[in-house]
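J.: Please read through the structure below; I'll follow up with questions.
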Amino acid sequence: MTEKRHNDAFSSNFGMIAAAIGSAIGLGNLWRFPYLVGQNGGAAFIIVYLIITLIISTPILLAESVIGRRGGGSPAEAYINVSGRKAWGGAGIMGMITCFMIMSFYVVVGGWTIKYLILSVAGQFHRGAIIDSPTMFEGFMTSTTAPIIYSWLFIALTIVIIILGVQKGIEKTSKLMMPMLFVLIILIGIRSVTLPGAKAGIDYLFKPDFSSLNFESLLAALGQSFFSLSLGACMLITYGAYTPKSSNLTKNAAIISVSDTFFAVMAGCAIMPAVFAFGVNPTQGAGLVFVTLPQIFTQMPLGGVCSVLFFFTLFLAAVSSAVSLFEVITSSIMSLGKKSRSSAALIVALVLVMTGSLCSLSQGVLRGVTIHGMNIFDQFDYVSANFLMTTGGLLTVLCVGWRMGKEQFVDEITSGGTINLPPALASVLFFIIKYVAPIVIVATAISIIF
Ligand code: PHE
């Protein structure tokens, strides 16, 4: 077994939960979820999303933390340790690459968030302000230097937290940011659902129309569930390695999953009622948050305050998720390249400055560079959420279900028999991990290919 790094560990179980929820709640909830709901027919999509999250994603979340805590070290080391085979290290490396891809477009959106937070603090979106938000957003995101500089600022903020380390950086900031996120989203939700005309938005979120569902939306729901819970990118393997031995992993997985889903639905409640109240098209896509919402803020009572609260929430959510993406890559480079934390983090930052800039430019001057009709930014988003993360999730369940086996799995989730867990629950979870999850992932993938 590879030696574990004891100085890299959460000081408490709450610290672990806060960090994992911080990772899960991110642009995925506030930016991706609402526009996917909009594009895939509202409530029907949410129902499919909830079922997938409960039956498939939560057990995978547990499987990841089992690999992380049992194996220890970086994701590649953890995979090798629990499987007993060197080849499985490849799954950890793939996780690192997935995080790189996600991080490359994530820092760009993180940069946009900083820009919009500054604009709202400067009072640009107060009630009665005259703005042309599509032109404003288009003009900004397609320009060459400004969005790149903002993405660098975002990278710099994240790197400071990473260099401070697991306890002083990740854990401390997560414990502070996570409760703030919940308070903020509830406040914004209350404002939105009390707007005149908000009911149409609430109906859209909660009254299903199953005719709008197809296989493409099934893949989108699976991909979104993985993306939102940070699955298949080795996040929970990395954080699992920092988790106290006494922690109840099953309970943790349930808390993380419920919190993230609650937040996503709250984000829907914060955005959709406002969208409908002002008669805006909900299928707007990725621009929903940056184009539609600013327009709405300028028309609603307390719009200026809400804009600051909203973009601050988006910013906190983005930073806490970016920290976890950064940590997966940093921990991998620390162990693969035998580097110190700060030099590993600097290497990651340097590469990201380049790949992030590429994603940013692909919205403007490099717009013509497309793969299968998508620019680099969209391609990174699509490939990482719909293919890499699902493949990563598949490898996780295959490793636990078929390499590790039930005995070791149960030993880990009961912390060596010290935690009381109904044997039937453990059996159901293992059954899902061994059979159901792999079949669903492979079947979805096949249905898309043919
Ligand atoms: N879960 C994050 C979000 O919803 C994204 C993420 C994916 C973070 C993978 C870490 C790892 O925005």
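J.: What pairs come out if I take residues in region 325-345 that are closer than 29 Å to F226 by Cα and among the polar types (S, T, N, Q) and pair them with residues that are surrounded by fewer than 19 Cβ atoms within 10 Å (Cβ to Cβ) and modelled with pLDDT of 95 or more whose C-beta lies under 8 Å away, six or more apart or interchain?
T.: Close Cβ pairs satisfying both conditions: S332/I93.
J.: With in a helix (DSSP H, G or I), more than 16 Å from the ligand (Cβ to nearest atom), aliphatic (A, V, I, L, M) and in contact with a Ser or Thr (Cβ under 6 Å, 6 or more places away or on another chain) as the only criterion, which of L236, L219, L205 stands out? Can you show your working first?
T.: Working: L236 fails: more than 16 Å from the ligand (Cβ to nearest atom); L205 fails: in contact with a Ser or Thr (Cβ under 6 Å, 6 or more places away or on another chain).
The match here is L219.
A quick yes/no check of all residues on (1) out of contact with any strand residue (DSSP E or B) (no Cβ under 8 Å at 6 or more places or on another chain); (2) assigned to a loop (DSSP other than H, G, I, E, B); (3) surrounded by 24 or more Cβ atoms within 10 Å (Cβ to Cβ); (4) of a type outside the set (G, A, S):
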position	(1), (2), (3), (4)
S324	yes, no, yes, no
S331	yes, no, yes, no
F380	yes, no, yes, yes
F387	yes, no, no, yes
T418	yes, yes, no, yes
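J.: Y242 is checked against (1) aromatic (F, W, Y); (2) more than 14 Å from the ligand (Cβ to nearest atom); (3) modelled with pLDDT of 90 or more; (4) surrounded by fewer than 22 Cβ atoms within 10 Å (Cβ to Cβ) and fails just one. What number does that condition carry?
T.: (4)
To keep it simple, each residue is scored yes or no on (1) surrounded by fewer than 24 Cβ atoms within 10 Å (Cβ to Cβ); (2) under 22 Å from I159 (Cβ atoms).
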position	(1), (2)
A44	yes, no
A63	no, no
A87	yes, no
G95	no, yes
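J.: Filter region 18-44 down to the residues that are modelled with pLDDT of 90 or more and not in a helix (DSSP H, G or I), then identify the one that is nearest to the ligand (Cβ to nearest atom).
T.: It comes out as G26.
J.: Out of A221, A253, A233, which single residue is closer than 23 Å to T414 by Cβ and buried (at least 21 other Cβ atoms within 10 Å of the Cβ)?
T.: Numbers: A221 fails: closer than 23 Å to T414 by Cβ; A233 fails: closer than 23 Å to T414 by Cβ.
Matching residue, one of A221, A253, A233: A253.
J.: Also: Looking at A437, is it assigned to a helix (DSSP H, G or I) and surrounded by fewer than 18 Cβ atoms within 10 Å (Cβ to Cβ)? Step through it out loud before you land on a result.
T.: On the way: assigned to a helix (DSSP H, G or I): yes; surrounded by fewer than 18 Cβ atoms within 10 Å (Cβ to Cβ): no.
Criteria not met by A437.
J.: How many residues are surrounded by 14 or more Cβ atoms within 10 Å (Cβ to Cβ), more than 13 Å from Q363 (Cβ to Cβ) and either polar (S, T, N, Q) or modelled with pLDDT of 90 or more (or both) if we restrict to region 128-148?
T.: Matching residues across region 128-148 total 2.
J.: I would also like to ask the following. Taking region 79-99, which residues are more than 16 Å from the ligand (Cβ to nearest atom) and touching a residue at least 60 places away in the same chain (Cβ under 8 Å)? Reasoning before the result, please.
T.: Within region 79-99, the subset more than 16 Å from the ligand (Cβ to nearest atom) is 79-90.
If the condition is that a residue be more than 16 Å from the ligand (Cβ to nearest atom) and touching a residue at least 60 places away in the same chain (Cβ under 8 Å), then Y79, I80, N81, V82, S83, G84, R85, W88 are the ones that fit.
The values are calculated or read from the model by the stated rules, or taken from the named source; none is laboratory data. All figures in this text were calculated on a predicted structure; none of them were measured in a lab. In this analysis, Cβ positions are derived from the backbone assuming ideal geometry, glycine residues included, and neighbour counts consider all displayed protein chains.
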